[in-house]
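The values are calculated or read from the model by the stated rules, or taken from the named source; none is laboratory data. Please read all numbers here as calculations on a predicted model, not as lab measurements. Counting neighbours? That spans all protein chains shown, and the Cβs are built from the backbone with ideal geometry, glycine included. Note: accessible area is taken over every heavy atom of the protein model, side chains too, but ligands, DNA and RNA are not part of it. Shrake-Rupley method; radii C 1.70, N 1.55, O 1.52, S 1.80 Å.
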Amino acid sequence: MKQILLLLILGTITACQNKNYPDLINKESKFSDSDFTKEHFQEFLIYEDITTKNSKLPKPKPSAKKQYPWMLSVSKERTEETLNQIEKSIIAITDGASDYNKEPSNSINFSSLVDNFYTEQQLSEYRKNRSITTQTSILDYIKATIKKYDLTNEKNEKIKLNGEVLGLGGGGFEEKNGKLLEGIVFQTLGMGDSKYLRLKGYVDIEVEIPVEYEKIEITKSDIGDKFSIGGQKIQILEFDANAIHYKLFNSDSQNFSVYIDNCNGNYGSVQSPENIYDKFRDNQGLDYASFLKKYKEFGLDKMENPNEGNFVSVLKSDDCQLEKVFFYCSITSKLAKKTIRVPVNIQIK
């Protein structure tokens, strides 16, 4: 009996040695609408997210059917065929609302149809339910960015797009020649103050589809451990109840995705420079009034070089306790890529 007790004590000591911060405050934060108008209340909410957990949430319920994002098994030949089909069918169109209302638009949609090689059984499922649930679509994991463009509106003004990344949306299904084709829509994310009724030019879009992923599985036993994924170094700082905290070394952005197992995939996140995070963790349990008194002491009034150094990401589930968290990303060397030039000739009338 003494030996078992000693082993338990040693196990507890080992776990504590990996953890450099005090236990998170266990509470369920609730605020009124009027609270959000208070001075520096948004910063206080970040403080609350960083320093609290909620152990009253239920434990996760195992799912019978798991569709992990990295389980998509597609050959490079299949992805290249998909990219070729996108290139053959993609067209530039305006958004539906502007077209319907005959109003100027400030975005462009790029619409395409792809043969996803659905079986007769899946075609029958679609005809019955107007959806496909028995196969994960390769289009769910596609990404697109703008590499180059030249666009002019009806006023002969050069259009400048807000960013390189394109939004992604489903384009529904279409039966054609006995095949079920699946639609995909890429969308620009704005044009600043510019709008158009007529738009001409071109956009070069780089479309990429992952072929293989790398992933790491995180549990409570990994607190203090360091990992590398996608060439980025991270360290697990906290894994408790419904929260996980991890440090991003020399980065304020992450090049990997997060999957919370058996928790509906729902979570909120905040990010903080490491020095601010450390100050918050050293001063846990403050109410709003006490937080305001320490606002300048925390250095929140003059944050210098906020985009440099290490950063800490804090993820909290609103649905259940965390048991496993996966970090995953596509392997860059295994990506299927294609740059496609899309002619643009849009007129709203």
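Among the residues of the stretch 179-208, write down those that are in contact with a Leu (Cβ under 7 Å, 6 or more places away or on another chain) and either under 30 Å from residue 322 (Cα atoms) or aromatic (Phe, Trp, Tyr) (or both). Matches in the stretch 179-208: 186 only. Only residues that are within 21 Å of residue 332 (Cβ to Cβ) and either more than 27 Å from the chain's Cα centre (by Cα) or not acidic (Asp, Glu) (or both) were counted in the stretch 78-101, giving 5. Selection over the stretch 29-57 of residues that are under 11 Å from residue 241 (Cβ atoms) and either surrounded by 14 or more Cβ atoms within 10 Å (Cβ to Cβ) or among the acidic types (Asp, Glu) (or both) gives a count of 4. Being basic (Lys, Arg), in contact with a Pro (Cβ under 8 Å, 6 or more places away or on another chain) and within 30 Å of residue 87 (Cβ to Cβ) is a property that residue 338 lacks.
Exactly one residue among 315, 286, 322, 300 is assigned to a strand (DSSP E or B) and touching a residue at least 12 places away in the same chain (Cβ under 8 Å), and that residue is 315.
Taking residues in the stretch 109-121 that are closer than 14 Å to residue 142 by Cα, and partners anywhere that are of a type in the set (S, T, N, Q), the pairs with Cβ atoms closer than 7 Å and at least 6 places apart or on different chains are 112/89; 113/89; 114/82; 114/85; 116/137. Can you give me the number of residues within the stretch 184-200 that are out of contact with any helix residue (DSSP H, G or I) (no Cβ under 8 Å at 6 or more places or on another chain), open to solvent by less than 10 Å² (accessible area, probe 1.4 Å) and of a type in the set (A, V, I, L, M, F, W, C)? Counting residues in the stretch 184-200 that are out of contact with any helix residue (DSSP H, G or I) (no Cβ under 8 Å at 6 or more places or on another chain), open to solvent by less than 10 Å² (accessible area, probe 1.4 Å) and of a type in the set (A, V, I, L, M, F, W, C) gives 3. Of the strands (runs of 3 or more DSSP E) that lie entirely inside the stretch 126-229, those containing 1 or more residues that are of a type outside the set (Asp, Glu) and closer than 27 Å to residue 349 by Cα span 143-153, 167-176, 179-187, 198-209.
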